Amino acid sequence: MKFSQMPYTRPDMPAVLAKLEELTARLQAAASAEEQLAVFKEEEELSEHINTASSIASIRHTVDTRDEFYSGEDEFWNEQYPLLSEKEQEFKKALFHSKFRPQLEKELGSLLFKNIEIDLKSFSPELIPLMQAENKLRTEYEKLYASAQIPFMGKTVTIAQLGPYKQDTDRAVRRAAIEAEGGFFDQHQAEFDRIYDELVKNRTQQARMLGFENYVPLGFLRMGRNCYTPADLDSFRSQVVRDLVPLTVRVKARQAKRLGIEDFMFYDNPIMFKDGSAKPQGTPEEIMAAGRTMYHELSRETGEFIDLMLENELFDVIATEGKAPGGYCTSLPDYKYPFIFSNFNGTSGDVDVLTHEAGHAFADYMAERTIGVAANRFPTMEGCETHSMSMEFLTAPWHHLFFGPQTDKYELSHAEDALSFIPYGCLVDHFQTEVYSHPEMTPEERNQTWARLEKLYRPYLNMEGLPFYGRGAGWQRQMHIYQSPFYYIDYCLAQVMSLQFFALSLEDREKAWEKYMAFVKLGGTKTFIDLAHGVGLRSPIDEGCVKDVCTATFDWTQEHLVE
C-alpha cells in the first residue's frame, strides 16, 4: 500500500489502555508458559498496531509542521506516550517476574529480559506529568527550528536550504550563509535557551524522583545500554582525544592546504576542495533512480527492498517550507514497511539518505521478515547506527552513479568526514554529561562549557567574530541534544564499526557484505559488543580499537589524496 493511501485513525486510547491491563491480568493468571507466550504475542501485535498509527501521524506532522490536524495529533501522542508506557511497564514487570521465566527465556531469549530489567529501572508512573511536559518541549523546539524563514541572497530559505551556500566556493558566500543561519538562532536566543533550560530541569527532576543524583545515569538506562558502563564510554572518549584528534588536526591541515587558505575558519569547514565539495549529479528523481540501480546490483535482498520503498512512496526527501529539519528512518510495523524522511539540498548529504537512512530501512525490512519476536528485531542504537553508517561504505562501488567524475573527491571527503565526525559526536556526548551533571548551569555557562570542549575535540576550528557560533551556542543546532539526550555517542561507536567494514571491503568486498548481512540478520538478539565479536569484528570499546581502526582509515586517505 502506498503511504499516501494509508488510513490514519486516532486510536481509542481508553480502550487500548484497558486492553493492556487485561493482557497483564491474563499473563499473571496463565497456568503455563505456553499460555503466557500466547498473551505475549497478542500484546506485541497490539503494540505494533499502536506504533503504526503513531508513526503515520508523526511522519505527516514532520512533513509539514504547519498542518493543523497532524499538529494536533502530535500533541495527542505526546500526552499518550507516557500513559502507554505505564501500562506497558506493568505488562513487562509481570513478564519479568513470571514463574515460567526459564521456559520463556528459552523461547524469547535471555537478552529480552535483561532489557526489560533496564527499562523497569527508568520509569515510574509518578513521572507521567513530567514526561508529557518533556514531550511538549521537544515539539516546541522542533517547530521553532522548522519555522526558520531566512532572507538570503534575494531568497527566503530554510536552514536545510542554506546547506549548499555553506559549501559555496566563494568564501564570502560561505561566511554569509553561516552568519544568516546564526542570525536566526540569535534572534530566537531567549526561546532556545528557555526550552533547553526547562528540559534540563524536567529531566533532572525525573531522575531525582527515581532516586538518581542527576539525569546522567537515567539517560544511560533510557538508551538501553546493556553491555558496557558509563566508565567505558568515558574511556572511549579519552581514546578519541588521545588517538584520533591528532589525526583530524592533520586532516584539516590538508583541507586548508587544498583550499589555499592559512586562516582556516569555521565557515571553511564544510567545503572540502577549492573548486567545491563533491555534489550529486542530476535531479532528485535521477538520484533516486541511481539508488534503485545500486541496490539491484548490490544483492537480491536490497533489490527487493528498494523496489518496495519506491513503489509505495516510502521516501519523503525534498526540503520544503514548513518541513521539520533533519532526517530519519522509522517503521510502519502493520505493513512491514520502513519509511525515510529527509531534506534534499543539493549536497552530498542527499546521497547519504540513500546509503545511511536506507541502511536503517534495509535492517528494518530484514528484521520484519526474519525475526519473529518484535522485541528482538532491533539492537540498541549503536547497533542500529552500525547498519546505516556501514552501508555508506559498502555501497562505494556504485558511488559513481551519483557523483560521476567527482567520485574520487567524494570518496576522500567521505572517509575524512568519518574521521572528523567521531570527535564531534564525542563532544556532543561530553557536553551533555557536563550539563546534566551540573543542571544548575546558566545558559551562558552551558555555552562556555561547549566552547571549552570544542577546543578539546575540534581544536582546528576558529569561530571568532561569528554570530551564534562565536558565543559558543552552536550546540543548539544539534537536534539530538534537545530531543534525544545521550543518543549521539552511538553514532561514534557505530562509525568505528563502519570503518572496520570499510577496511574489510577494500580487501574482500564479498566477504565484507557477508559479514554485514550476518550482523543485520542478528537484529537485536545479541548485545552490541556480542554483535561485533559475533561477526569477527572488534568492539569500539576494546582498548586500542579506536587507534588501530582510525589510523588505518587515515592511512587510506593519505594514499588517495585528491586536490
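Projected onto the charge dipole of the chain (+1 at Lys/Arg Cβ, -1 at Asp/Glu Cβ, origin at the Cα centre), which of 177, 391, 551 gives the Cα projection farthest towards the positive end? With unit charges placed on the Cβ atoms, the residue in question is 551. Computed on the chain, with alpha-carbon pairs under 8 angstrom and 6+ residues apart, the relative contact order is 18 percent. Here the calculated FRET efficiency for residue 249 and residue 67, from their Cβ-Cβ distance with R0 = 51 Å, stands at 0.65, rounded to the nearest 0.05.
What is the projected area of the convex hull of the Cα atoms of the chain, averaged over all directions, in nm²? Working shown, then result.
Working: hull surface 96.6 nm².
Taking a quarter of the hull surface, the average projection is 24.2 nm².
Note the angle between two axes, namely the Cα long axis of helix 509-521 and the longest principal axis of the Cα atoms of the chain, as a number of degrees from 0 to 90, rounded to the nearest 10. Between the helix axis and the principal axis of the chain, the angle is about 30 degrees.
Solvent-accessible area per residue for the stretch 356-443 at a 1.4 Å probe radius, Å²? Spell out each step's value before the answer.
Values: 2170 Å² over 88 residues.
Per-residue accessible area for the stretch 356-443 comes out at 25 Å².
Oblate is the label for the stretch 324-456, because the ratio a/c of its alpha-carbon gyration tensor axes (a ≥ b ≥ c) is 1.5 or higher and a/b is not greater than b/c.
Is any residue of the stretch 450-474 close enough, with backbone N under 11 Å, to a label point placed 7 angstrom from the Cα of residue 189 along the Cα-Cβ axis, and if so, which? Those under the cut-off are 467-473.
Determine the order of 153, 1, 441 by accessible area, beginning with the largest, at a probe radius of 1.4 Å.
Working: 153 125, 1 95, 441 20 Å².
In descending accessible area the options line up as 153, 1, 441.
The residue 511 and residue 300 beta-carbon pair, evaluated with R₀ = 22 Å, returns a calculated FRET efficiency of approximately 0.80.
The dipole here belongs to the chain: it is taken about the Cα centre, uses +1 on the Cβ of Lys and Arg and -1 on the Cβ of Asp and Glu, and is about 820 debye. What the Cβ-Cβ distance of residue 442 and residue 205 gives, at R0 = 25 Å and to the nearest 0.05, is a FRET efficiency of 0.90. Considering only 15, 111, 40, and ranking their Cα positions along the charge dipole of the stretch 2-119 that arises from unit charges at the beta-carbon of Lys, Arg, Asp and Glu, the one farthest toward the positive end is 111.
Can you flag which of 143/336; 92/511; 2/526; 274/455; 2/41 are past 31 Å Cα-Cα?
Details: 143/336 29 Å; 92/511 39 Å; 2/526 33 Å; 274/455 26 Å; 2/41 27 Å.
The pairs that break the limit, which is 31 Å between Cα atoms, are 92/511; 2/526.
Considering only alpha-carbon pairs that sit under 8 angstrom and 6 or more positions apart, the relative contact order computed for the stretch 213-307 is 11 percent. Where only DSSP H runs of four or more residues are counted, the chain gives -20500 deg cm²/dmol as its mean residue ellipticity at 222 nm, each run worth -39500 (n - 2.57).
Dipole of the chain computed with +1 at Lys/Arg Cβ and -1 at Asp/Glu Cβ about the Cα centre; of 69, 215, 241, farthest Cα towards the positive end is 241.
Normalising the average separation of contacting C-alpha pairs (under 8 angstrom, six or more residues apart) by the number of residues puts the relative contact order of the stretch 356-472 at 18 percent.
Antiparallel DSSP bridges in the chain: what percent, to the nearest 5? It would help to have the intermediate numbers written out before the result.
Working: 8 of 11 bridges.
Here the share of antiparallel DSSP bridges comes out near 75 percent.
Here the stretch 169-223 is treated with +1 on each Lys and Arg Cβ and -1 on each Asp and Glu Cβ, and its dipole about the Cα centre works out to around 260 debye. Against the chain, whose longest principal axis is taken from its Cα atoms, helix 358-370 shows a tilt of about 20°. Over the chain, with every protein chain in place, what whole percent of the accessible area is carbon and sulfur at 1.4 Å, could you tell me? Ligands and nucleic acids excluded, carbon and sulfur reach 51 percent. Taking all protein chains as shown and a probe of 1.4 angstrom, residue 329 keeps an accessible surface of around 40 Å².
The values are calculated or read from the model by the stated rules, or taken from the named source; none is laboratory data. If you're wondering where the values come from, they're calculated on a predicted model, not measured in any experiment. No Cβ is skipped: glycine too gets one built from the backbone with ideal geometry, and neighbour counts run over all protein chains shown. These area figures cover heavy atoms from the full protein model, side chains too; ligands, DNA and RNA do not enter into them. Shrake-Rupley method; radii C 1.70, N 1.55, O 1.52, S 1.80 Å.
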